[in-house]
Amino acid sequence: MHVGSESRVRDGARAVLPLALAVVLFGVSFGVLARAAGMGVLPPVVMSATTFAGSAQFAVVSILGGAGSVAAAVAAAVLLNARYAPMSIAVAPGFRGPLWRRLVGAQLIVDESWALSARGGGRFDVPVLLGAGMVLYPCWIGGTVLGVLGGEGLGDPERLGLDAAFPALFLALLVPQLRTRRALAAALTGAAIACILVPLSSPGIPIVAASAACLLGWRR
Amino acid sequence: MPAGVAALSGVWLVVALVGVATIAIKALGPAVLGGRRLPPRAGAIVELLAPAVLAALVVTQAVGGERALVLDERLAGLAAAALALRLRAPILVVIAVAALVTALLRGL
């Protein structure tokens, strides 16, 4: 760590505070839905601590809850988290210290911390990313614990419309991704593939197959 | 082994595999590539993964059924959510609106 990086860690923590409550509540909804999908109490909490990536975790809940296979759930989650590969590569030059510390620090990469640390022109303020991630990580796990413990008394998730929370959530995560024409084309192609395959295959397969739409990126 | 136990061990398997894979993916930059970048073409493909998969998730969660496309109250909830997004509502409000509209229509 060089001079000033500690204060920038604090800057990152402060910048992410407005999002912290939202992440707690997001964690609560993950806990509630995971419990309702029959994932039990401990597995969702362990998942929040190890995976720490909202959209992939919600995808797993929705596929397991819909009686999809283990392979389909894992594949969909890994495909969703594949975006962290280029994000991790982009911030890598900013990490300091021994390898183990850089590897642990990289676990704090989530969409929000990554976006907050972007300084334009492909440069990233990694201490800001770490500060933001250190706030969000306990919020996500704490919210999950509250959700799995408190979700029991909620009753039938369908009566509460919780099944409609999923497509709404994924739409909300999708819209900010549609900044380029190519991203929009990939999204529409993915949606079309899913529509065609839903009646033909078991749950989860349409999502994995839809990932082939990313090959649109091959054309320059 | 009772079915419930088998189902729960499947859940743990998913948790373990997804956890290990995600940790490895996030560590990729500092661990393997140092300061190098992905080749541009590979980067362009990976960039499109999230929109493609998220769009498929919207579809399967909104109209997916048991090997059939099912049009029900979820679709009205999704439309309400899209409107909330258009009005720049925060993500929690968007989700709550979708659930509320769907629940109200089912209660009718």
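The values are calculated or read from the model by the stated rules, or taken from the named source; none is laboratory data. For clarity, every value in this text was computed on a predicted model and none was experimentally measured. Using ideal geometry, Cβ is built from the backbone for each residue, glycine included, and neighbour counts are taken over all protein chains shown.
Quick check, is A:ILE109 under 22 Å from A:VAL60 (Cα atoms) and either part of a loop (DSSP other than H, G, I, E, B) or without any contact (Cβ under 8 Å) to a residue 24 or more places away in the chain (or both)? Step through it out loud before you land on a result.
Numbers: under 22 Å from A:VAL60 (Cα atoms): yes; either part of a loop (DSSP other than H, G, I, E, B) or without any contact (Cβ under 8 Å) to a residue 24 or more places away in the chain (or both): yes.
Spelling it out, A:ILE109 is indeed under 22 Å from A:VAL60 (Cα atoms) and either part of a loop (DSSP other than H, G, I, E, B) or without any contact (Cβ under 8 Å) to a residue 24 or more places away in the chain (or both).
Please indicate, with yes or no, whether at least one residue in region B:93-108 is among the charged types (D, E, K, R), at pLDDT 85 or above and farther than 21 Å from A:ALA75 by Cβ. If you could, list the steps in order and put the result at the bottom.
Keep residues of region B:93-108 that are among the charged types (D, E, K, R), which gives B:106.
If we keep only those that are at pLDDT 85 or above too, we end up with B:106.
Filter once more, keeping what is farther than 21 Å from A:ALA75 by Cβ: B:106.
Yes, region B:93-108 contains at least one residue that is among the charged types (D, E, K, R), at pLDDT 85 or above and farther than 21 Å from A:ALA75 by Cβ.
Counting residues that are of a type outside the set (Asp, Glu) and over 30 Å from A:ARG123 (Cα atoms), which helices (runs of 4 or more DSSP H) fully inside region B:21-108 reach at least 2?
Working: elements: B:40-47, B:49-63, B:73-86, B:91-107.
Answer list for region B:21-108: B:49-63, B:73-86, B:91-107.
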Note down all Cβ pairs under 6 Å where the first residue falls in region A:79-102 and is more than 7 Å from chain B (Cβ to nearest Cβ), the second is not in a loop (DSSP other than H, G, I, E, B), and they're at least six residues apart or on different chains. A:MET87/A:TRP114; A:GLY94/A:PHE124; A:GLY94/A:VAL126
Given the conditions (1) at the interface with chain B (Cβ under 10 Å from one of its Cβ atoms); (2) surrounded by fewer than 17 Cβ atoms within 10 Å (Cβ to Cβ); (3) touching a residue at least 40 places away in the same chain (Cβ under 8 Å), and given that A:GLY38 satisfies all but one, which numbered condition is not satisfied? (3)
Among the residues that make up region A:116-123, is at least one of them surrounded by 18 or more Cβ atoms within 10 Å (Cβ to Cβ) and modelled with pLDDT under 90? yes
Six or more apart or on different chains, Cβ atoms under 6 Å: show the pairs whose first residue is in region A:180-203 and more than 22 Å from A:ARG83 (Cβ to Cβ) and whose second is part of a loop (DSSP other than H, G, I, E, B) and modelled with pLDDT under 95. A:PRO199/B:ARG67; A:PRO199/B:ALA68; A:PRO203/A:GLY66; A:PRO203/A:GLY68
Of (1) more than 15 Å from the chain's Cα centre (by Cα); (2) buried (at least 20 other Cβ atoms within 10 Å of the Cβ), A:PRO98 fails just (2)
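Please find, within region A:194-217, the residue that is modelled with the highest pLDDT out of those that are among the hydroxyl-bearing types (Ser, Thr, Tyr) and more than 21 Å from A:LEU184 (Cβ to Cβ). First the steps, then the outcome.
Just the residues of region A:194-217 that are among the hydroxyl-bearing types (Ser, Thr, Tyr), to begin with: A:201-202, A:211.
Right, trim to more than 21 Å from A:LEU184 (Cβ to Cβ) and you get A:201-202.
Numbers: A:SER201: 84, A:SER202: 75.
Top of the filtered list is A:SER201.
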